[in-house]
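K.L.:
Can you read through this structure? Questions will come right after.
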Amino acid sequence: MQYIDNIIFLILLVAGFGLFAKSLQKIYRNIRLGREINRNDRKAERWETMARVAMGQSKMVKRPVAGILHLFVYVGFIIINIELIEIIVDGLFGTHRFLATILGHGFYNAFTATLEILALLVVIGVVVFFIRRNFYGVKRLTMKELFGWPKQDANWILIIEFALMVAFFTMNTSDWVLQQKGLLPEHGSFPISSTILAPIFNNFGDSFLFFTEKAAWWFHFVGILFFMNYLYYSKHLHIILAFPSTWYANLEKKGKFNNLESVTKEIKLMMDPNADPYAAPAEGETEAPSKFGAEDVFDLNQVQLLNAYSCTECGRCTAVCPANITGKKLSPRLILMKTRDRLEEVGKNIDKNGKFVDDGKKLLNDYITKEELWACTTCNACTEACPVLLDPLSIIFEMRRFLVMEQSAAPQELNLMMTNVENNAAPWQYNQADRLNWAND
Ligand code: SF4
Ligand code: SF4
């Protein structure tokens with residue numbers, strides 16, 4: 001019987017990690033459908049940014065209550081899962097609380113007590129988040145764009161985390177009561193289980209306690225595997241992808257746009273009367289891109305696609321977006337959500353056909369409309385607000401660039417302004433020679 005348990009455990013473990021690896025591989029493949037971008041510069045600054053923003057959650061605590069609760073859930077959940085090491089060894093070799101033999105009595109007691117306190121903080125965090133999301137009416141969490149799967153997803157993840165913590169406490173309490181009865185070796189210290197839950201469990205019979213301990217242990221293990229594999233379908237991918245996203249974040253000053261080298265070169269040629277327009281490109285000079293801007297996910301760069309997978313759907317960007325606040329049809333959160341949806345659609349197309357087969361759809365128009373794109377004021381409030389340094393504005397900007405440079409489809413007001421710049425070197429519709437007329441009188 002013992003061996004059957006170990007074999008089932010091994011099969012579940014391999015299947016769980018195997019499926020997870022496959023999902024990660026798919027995400028990696030999809031991200032690589034984007035254009036390459038060199039963000040391997042300023043390495044020290046990138047490590048520091050990742051440590052501060054992703055690990056230290058520095059931008060989360062700008063809203064202290066949500067930030068601290070998020071820290072509880074994040075730190076607690078990650079550290080509690082260190083216990084997975086013990087679960088794996090116990091499950092494979094049929095041991096019981098294997099780490100106690102490695103860490104020694106005192107250290108193991110401190111370890112298990114810390115886990116219990118963290119688990120309690122996680123429970124408090126997820127309960128408050130659930131109430132806040134469903135009953136408190138925070139505008140950015142109850143907007144129409146979250147109806148359906150995004151809202152269900154957010155709730156499911158809180159329910160799963162709650163269930164995992166309940167299983168953790170159930171396992172510890174049964175274990176502790178059995179230890180007190182001398183039916184299991186004394187390992188660990190359980191400040192929450194032994195005080196709050198033990199009075200209830202003391203009423204249970206021995207065989208039921210053994211059953212509860214085992215059942216909770218299996219539930220906890222299978223739950224962790226399930227949670228891990230659920231991530232691929234969830235906004236909670238950010239618990240992994242926030243790290244590369246912050247590492248590859250745009251470190252330039254906000255508002256600095258990426259001029260196209262080929263366009264800059266054209267303008268320089270126009271302004272230099274001695275330039276040879278047919279000269280071969282100098283060494284290191286890049287050719288003009290085959291397409292200006294972005295019409296579909298293939299035209300976005302890999303960091304922008306990584307951003308789409310990393311979005312936590314928290315809506316902090318949308319809450320500060322002046323276009324959204326004034327009732328325009330633009331939500332920076334939705335720009336990333338739609339980019340991810342389109343990327344997933346392209347990925348499924350590749351899975352089915354072996355390579356991408358034109359499906360007659362594009363990110364532009366089928367997912368993101370021109371109305372949304374032109375509503376943006378390019379103020380950068382969204383990028384400033386994002387707790388994981390995502391950049392929805394850069395996607396908007398690339399799609400606008402496509403509309404202007406490939407389709408000449410800028411709004412009338414912009415076309416007029418650009419014609420004026422071209423003819424008069426100013427946005428106004430009067431001759432350069434008349435510029436100082438205002439001073440005549
Ligand atoms: S840059 Fe555009 S999308 Fe971002 S907050 Fe400003 S108006 Fe909204
Ligand atoms: S882009 Fe950033 S701020 Fe906006 S919803 Fe996603 S994670 Fe939140």
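The values are calculated or read from the model by the stated rules, or taken from the named source; none is laboratory data. None of these values were measured; they are calculated from a predicted model. Because the Cβ atoms are built from the backbone with ideal geometry, glycine has one as well, and the counts that use them run over all protein chains shown. Heavy atoms of the whole protein, side chains included, go into the accessibility calculation; ligands, DNA and RNA do not. Shrake-Rupley method; radii C 1.70, N 1.55, O 1.52, S 1.80 Å.
K.L.:
For the stretch 1-60, with only Lys/Arg (+1) and Asp/Glu (-1) charged at the beta-carbon, what is the dipole magnitude about the Cα centre, in debye rounded to 20?
P.N.:
Values: 11 positive and 5 negative charges, 85 e Å.
With Lys and Arg at +1 and Asp and Glu at -1, about 400 debye.
K.L.:
Collect residues whose amide H, placed 1.01 Å from N in the peptide plane, falls under 5 Å from the amide H of ARG35; neighbours closer than 5 in sequence don't count.
P.N.:
For ARG35, whose amide H was placed from the backbone, the distant partners under 5 Å are LEU300, ASN301, GLN302.
K.L.:
With an 8 Å Cα cut-off and a minimum separation of 6 or more residues, compute the relative contact order for the chain in percent. Intermediate results must be reported in sequence, preceding the final value.
P.N.:
On the way: 472 pairs, mean separation 80.4, N = 441.
Dividing the mean separation by the residue count of the chain yields 18 percent.
K.L.:
Taking the Cβ of LEU393 as the centre, find all other residues whose Cβ is under 15 Å away and add up their charges (Lys, Arg: +1; Asp, Glu: -1).
P.N.:
Details: positive: LYS253, LYS254, LYS256, ARG316, LYS328, ARG333, LYS338, ARG400, ARG401; negative: GLU252, GLU372, GLU384, ASP391, GLU398.
Every neighbour counted, the sum reads +4.
K.L.:
What is the helix-to-structure angle for 149-180, meaning the angle in degrees between its Cα long axis and the longest Cα principal axis of the chain, kept from 0 to 90 and rounded to the nearest 10?
P.N.:
Orientation of helix 149-180: about 20 degrees from the principal axis.
K.L.:
Which cysteines in the chain lack any other cysteine whose Cβ sits under 4.7 Å from their own Cβ?
P.N.:
Result for the chain is CYS311, CYS314, CYS321, CYS376, CYS379, CYS386, no neighbouring Cys Cβ within the cutoff.
K.L.:
So, one more: Would you compute, from DSSP H runs of 4+ residues alone, the mean residue ellipticity of the chain at 222 nm, taking -39500 (n - 2.57) per run and dividing by the full residue count, rounded to the nearest 500? If you can, show how the numbers build up before the last one.
P.N.:
Details: 20 runs with 266 residues, N = 441.
After summing the helix terms and dividing by the residues of the chain, the value is -19000 deg cm²/dmol.
K.L.:
How do 415-423, 188-196 rank on mean C-beta neighbours within 10 Å, highest first?
P.N.:
Numbers: 415-423: 12.7, 188-196: 18.2.
Ranking the peptides 415-423, 188-196 by packing returns 188-196, 415-423.
K.L.:
What is the local net charge at GLY91, summed over the other residues whose Cβ is closer than 13 Å to its Cβ (Lys, Arg +1; Asp, Glu -1)?
P.N.:
With Lys, Arg at +1 and Asp, Glu at -1, the neighbours total -2.
K.L.:
Would you mind working out the accessible area per residue for the chain, using a 1.4 Å probe, and quoting it in Å²?
P.N.:
Numbers: 23530 Å² over 441 residues.
Each residue of the chain exposes 53 Å² on average to a 1.4 Å probe.
K.L.:
Let me check against my output: what whole-number percent is the relative contact order of the stretch 104-224, with C-alpha pairs under 8 Å and at least 6 apart? It would help to have the intermediate numbers written out before the result.
P.N.:
Numbers: 107 pairs, mean separation 42.9, N = 121.
Value for the stretch 104-224: 35 percent.
K.L.:
A follow-up question, please. Provide the gained length on full extension for the span ASP276 to ASP366, in nm with one decimal, where the gain is 0.36 nm per separating residue minus the Cα-Cα distance.
P.N.:
Residue separation times 0.36 nm, minus the Cα-Cα distance, leaves 28.2 nm.
K.L.:
Quick one: Kirkwood hydrodynamic radius for the chain, alpha-carbon pairs, angstrom, one decimal?
P.N.:
Working: mean 1/r = 0.0390 Å⁻¹.
Here the Kirkwood hydrodynamic radius works out to 25.6 Å.
K.L.:
What FRET efficiency, computed as 1/(1 + (r/R0)^6) with R0 = 45 Å and r the Cβ-Cβ distance, is obtained for ASN415 and ILE8, rounded to the nearest 0.05? Write out the running numbers ahead of the final one.
P.N.:
Details: r = 67 Å, r/R0 = 1.50.
The calculated FRET efficiency here is 0.10.
K.L.:
Of the accessible area of the chain, with the probe set at 1.4 angstrom, what percent is carbon plus sulfur? Don't skip to the end; give the middle numbers.
P.N.:
Working: 14810 of 23530 Å².
In the chain, the share of accessible area belonging to carbon and sulfur is 63 percent.
K.L.:
While we're on this one: If I fit a long axis through the Cα atoms of helix 105-135 and take the longest principal axis of the Cα atoms of the chain, what angle between them do I get, 0 to 90°, rounded to 10?
P.N.:
50
K.L.:
Same structure, new question: Would you mind working out the magnitude of the charge dipole of the stretch 108-180 relative to its Cα centre, with +1 at each Lys and Arg C-beta and -1 at each Asp and Glu C-beta, to the nearest 20 Debye?
P.N.:
On the way: 6 positive and 5 negative charges, 110 e Å.
So the dipole magnitude of the stretch 108-180 works out to roughly 520 debye.
K.L.:
Let me ask something else about it. I need the shape label for the stretch 1-140. Rule: rounded when a/c is under 1.5, else prolate if a/b > b/c, else oblate, with a, b, c from the alpha carbon gyration tensor. Spell out each step's value before the answer.
P.N.:
Details: a/c = 1.76, a/b = 1.27, b/c = 1.38.
Note, shape of the stretch 1-140 comes out oblate.
K.L.:
Grab the other residues whose beta carbon is less than 13 angstrom from that of THR212, score K and R as +1, D and E as -1, and report the net. Could you put the intermediate results ahead of the total?
P.N.:
Values: positive: LYS214; negative: ASP175, ASP206, GLU213.
With Lys, Arg at +1 and Asp, Glu at -1, the neighbours total -2.
K.L.:
Please list, or write none, the aspartates and glutamates whose alpha carbon is within less than 18 Å of the alpha carbon of LYS26, excluding same-chain residues fewer than 8 places away.
P.N.:
LYS26 reaches GLU36, ASP341, GLU344, GLU345, ASP351.
K.L.:
Any chance you could give the angle, 0 to 90 degrees and rounded to 10, that helix 261-271 forms with the longest Cα principal axis of the chain?
P.N.:
Here the helix axis deviates by roughly 20 degrees.
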